[in-house]
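The values are calculated or read from the model by the stated rules, or taken from the named source; none is laboratory data. In this text, all values refer to a predicted model and were calculated from it rather than measured experimentally. All Cβ positions, glycine included, derive from the backbone under ideal geometry; neighbour counts span all protein chains shown.
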Amino acid sequence: MFAATREASGAGMALALALDGAQMGEERPWLWVQDATALRRTGRPYRPGLPPALRHRLIHVVAKTPEDALFALEEGLRCRDLAFVLGELTGNPKALSFTAQRRLSLAAEKHGTPLWLVRLDAARDLSSARLRWEARAAPSRPPRWDRHAPGAPAWHAELFRARAHPPGQWILRDDGPGLVAAPPARTPDHGDLGGGAGDRSLAAY
Amino acid sequence: MAIWVAALAIDRWQLTEGERAGPFALLSETAHGPRIAATNAAAREAGVRAGTMLADARALCPELAVAPADPAGDRAFLESLALWAQRWGPWTALDPPDGLLVDVTGAAHLFAGETAMLAEAQALLARRGLTARLAIAPTAGAAWALAHFLPFRGGEDVHALDQLPVAALRLDPATVLILRRLGLKRIGELSGVARDALARRFRNTRAPAANPLIRLDQLLGKVPEPLLPVLAPEVPLVQRRLMEPIRHRALLDQVLGDLCADLARVLEGKALGARRLELGLWKVDGEVLVRRLELAAASRDPAHICRLFGARLDDVDAGFGIELARLRVPWCEPLALCQRDFEAAAEEHGTSLAACIDRLSIRLGEGAVRRPVLHASHLPERAQRWERPLTAEPASQGELAFHARPLKLFDRAEPIAVLYASPDGLPRRFRWRGEVHEIARAEGPERIAPEWWRERGTVRLRDYYRIEDSTGRRYWIYRHGLAGDGRGGAPEWFLQGLYA
């Protein structure tokens, strides 16, 4: 998943998709690996702001170099007690070659642990990821009681490469019980029209 | 039973260095020069007292021989003596600096009565070269008092205690001085005074050593007196002495694997798991290399321990060879025997969480793997702390549902340049990291005042706004201070967090 460091939409959307794909009653911890640049540019996870179902289960790993981050990601994928693994890496480091990415995808598939790798400020290089997203923030719908306040998170998600799914663009909204996809609107969204378009989970991995 | 080795330091010195006939003293270094810590009988006869300066003592007794005192060594000797004294009772407690308390409840008949037991203890201590004074009494306080002030009489009753001086209550010198000024010199005189008067006099002192009433009740057994027993920790230890010194890594790995397998067997027999491990490698040239390891959860899996140590042995310089390898477990935790998983598939499926965390913290460092826990604070950056994973979560207040907090928080809030502020205080446009953001929607302010009980009075308050810019990016910004609050110039703006 590609995102910019000026916003937290990459991690936010990855968490929303991970929550959408998780089974009910999942109580295993999950791993969040950040390299040093990602930590400096986008900040640390903040527990009161995490989704309530994930708050108490976070284990956070700070890696100094991309090599260490890849090691931590792979160890996390191999662990049977982790619900999923979220990685944040900045730029296109040399260590994150196609071979390394393939290693990660194979480990994720072998052990059945989902991996959400957020690439911050990175170019779309060669990759073996099964689903490749581009995430950026989208204007949220105004909340019901205060029209001037920011609403529930929304992202403009572009799926540009996937094995079992045609590419496309959606507006993902995290309001209410689950994640809702809507086709991107040319004009600002005013009403509650997007719900019917795609009420299905996009977190198939 | 209380044992008082009256001249512990002198006895120990004479045991190690040999008997000395003339006047002799041990010295402790103080800020005002050497001061006498302990003396032998000949020096006492010559008039040298513990506590005088060395120069004064030399004036009294020019032929005085001295040596430096070793309080830490005395303490270690007392601890080993406490373990040795467990031959008379199930547990012993230290009574620093020079005493021991042995619980002999129900053990006296094994030594043919209390009198015979005291005689045997006296003889055994004398054979070790220690002059000791002993007493047996129903309470620890009474035994202490009798041993220090009324030697060698067992099974005394309360009336014998009445005649002892008040210092026998184990009080501070200052409290003894107060009691002497009040005219109370014997323990019996304390019960003569109305208890209310004494309670009023010492109502502010809670420490037992400063409150004669508590000590009196402990002496008579009216209030319990908890004591800290001395226990000998049994450290699981395995070692391999090598016939030929080894110089190569492959051989060292082999030895390490053998050690881990031995250790697993030892720990399994005791139903323990290792939390901290110490690997010592003795080299031929006399050097000792020590590698320490700490595990996130108790484990005795030899493959896991071997793998973790393997990552720490890369920088070992074997020199002329390693001749002895030893693995110790200074910190164990109970780990019950458990049945292996029936499904072999579960074994192959992956590592456990504790093993994963061990591997991560060995490679990335101790502080790299953390979990957030809540902390009671209003300030957002103080409201979360980082702790080791797998520890129990501390109790904390529930989070407020109407607080919409950002997903990520910067370690240091980043300053933003406000380009245009509307009259009600919120900027309409700001510049952050070289890009201009137009605020489309905002919610706030949420005012968070500084914590006056912790910070100085000049710290400014913060007004937080939850904002969304024209392209939908959501931020958490705050204004530091108010215009005209007298705590600095114009208020500054900061961006502290990113919303999802």
Inset, instruction - Kindly list the number of the only condition in (1) at pLDDT below 90; (2) more than 13 Å from chain B (Cβ to nearest Cβ) that fails for A:A95. - result: (1)
Inset, instruction - Scan the range B:251-270 and give yes if some residue there is assigned to a loop (DSSP other than H, G, I, E, B) and free of Cβ contacts under 8 Å to residues at least 24 places away in the same chain, otherwise no. - result: no
Legend entry - Positions within the range A:67-78 being buried (at least 22 other Cβ atoms within 10 Å of the Cβ) and without any contact (Cβ under 8 Å) to a residue 40 or more places away in the chain, in sequence order: A:A69, A:L70, A:E75, A:L77
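Is it the case that A:A162 is surrounded by 16 or more Cβ atoms within 10 Å (Cβ to Cβ), within 11 Å of chain B (Cβ to nearest Cβ) and either touching a Phe, Trp or Tyr at 6+ places or on another chain (Cβ under 7 Å) or within 22 Å of A:L126 (Cβ to Cβ) (or both)?
No, not satisfied.
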Inset, instruction - Would you mind telling me which numbered condition in (1) assigned to a loop (DSSP other than H, G, I, E, B); (2) more than 11 Å from chain A (Cβ to nearest Cβ); (3) among the acidic types (D, E) B:D463 fails? - result: (1)
Legend entry - Every residue from the range B:353-383 that is free of Cβ contacts under 8 Å to residues at least 24 places away in the same chain and facing another protein chain (nearest Cβ under 7 Å): B:C356, B:L360, B:L364, B:A368, B:V369, B:R370, B:R371, B:P372, B:A383
Inset, instruction - Of all residues in the range A:86-103, count the ones that are out of contact with any Ser or Thr (no Cβ under 6 Å at 6 or more places or on another chain) and not in a helix (DSSP H, G or I). - result: 11
Inset, instruction - Specify the residue that is nearest to the other protein chains (Cβ to nearest Cβ); the eligible residues are those in the range A:125-158 that are over 12 Å from A:P184 (Cβ atoms), among the aliphatic types (A, V, I, L, M) and in contact (Cβ under 8 Å) with a residue 12 or more places away in the chain. - result: A:A137
Inset, instruction - Considering each of A:P29, A:P52 in turn, give the residue that is closer than 20 Å to B:Q384 by Cα and at pLDDT below 90. - result: A:P52
Inset, instruction - Considering only the range B:301-324, state which residues are part of a strand (DSSP E or B) and either farther than 17 Å from B:R240 by Cα or touching a Pro at 6+ places or on another chain (Cβ under 7 Å) (or both). - result: B:I322, B:E323
Inset, instruction - Go through (1) free of Cβ contacts under 8 Å to residues at least 24 places away in the same chain; (2) more than 16 Å from A:A69 (Cβ to Cβ) one by one and return the number of the condition A:S97 breaks. - result: (2)
Inset, instruction - Taking the residues in the range B:424-449 that are surrounded by fewer than 17 Cβ atoms within 10 Å (Cβ to Cβ) and among the hydrophobic types (A, V, I, L, M, F, W, C) as candidates, determine which candidate is farthest from the other protein chains (Cβ to nearest Cβ). - result: B:A449
Inset, instruction - Can you confirm whether the range B:280-291 contains a residue that is assigned to a strand (DSSP E or B) and either closer than 22 Å to A:E75 by Cα or of a type in the set (V, I, T) (or both)? - result: yes
Inset, instruction - Test A:L106 against the stated conditions and say whether it is modelled with pLDDT of 90 or more, within 17 Å of A:R132 (Cα to Cα), more than 10 Å from chain B (Cβ to nearest Cβ) and part of a helix (DSSP H, G or I). - result: yes
Legend entry - Which listed residue is touching a residue at least 40 places away in the same chain (Cβ under 8 Å), within 12 Å of chain B (Cβ to nearest Cβ) and either in contact with a helix residue (DSSP H, G or I) (Cβ under 7 Å, 6 or more places away or on another chain) or farther than 22 Å from A:A137 by Cα (or both), from A:A83, A:A14: A:A83
Legend entry - Subset of the range A:58-80 [at the interface with chain B (Cβ under 7 Å from one of its Cβ atoms) and either small (G, A, S) or part of a helix (DSSP H, G or I) (or both)]: A:A63, A:D68, A:F71, A:A72, A:E75, A:G76, A:R78
Legend entry - helices (runs of 4 or more DSSP H) contained in the range B:114-164 and holding at least 2 residues over 16 Å from B:A85 (Cα atoms), at pLDDT 85 or above and within 34 Å of the chain's Cα centre (by Cα): B:140-149
Inset, instruction - Determine if the range B:450-459 includes at least one residue that is at pLDDT 90 or above, of a type outside the set (S, T, Y) and either surrounded by 21 or more Cβ atoms within 10 Å (Cβ to Cβ) or under 25 Å from A:W155 (Cβ atoms) (or both). - result: no
Legend entry - Wholly enclosed strands (runs of 3 or more DSSP E) of the range B:1-81 bearing at least 2 residues farther than 29 Å from B:L150 by Cβ: B:24-30, B:33-39, B:65-68
Inset, instruction - Tell me which residues, restricted to the range B:483-500, are surrounded by 15 or more Cβ atoms within 10 Å (Cβ to Cβ) and either aliphatic (A, V, I, L, M) or modelled with pLDDT of 90 or more (or both). - result: B:W493, B:F494, B:L495, B:Q496, B:G497, B:L498, B:Y499, B:A500
Inset, instruction - Might you check whether a residue that is more than 22 Å from B:A376 (Cα to Cα), assigned to a loop (DSSP other than H, G, I, E, B) and not acidic (D, E) occurs anywhere in the range B:443-456? - result: no
Legend entry - Whichever residue in the range A:29-57 is without any contact (Cβ under 8 Å) to a residue 40 or more places away in the chain and in a loop (DSSP other than H, G, I, E, B) and, among such residues, is farthest from the other protein chains (Cβ to nearest Cβ): A:A53
Legend entry - Scope the range B:395-423; condition more than 12 Å from chain A (Cβ to nearest Cβ), in a loop (DSSP other than H, G, I, E, B) and not hydrophobic (A, V, I, L, M, F, W, C); matching residues: B:S422, B:P423
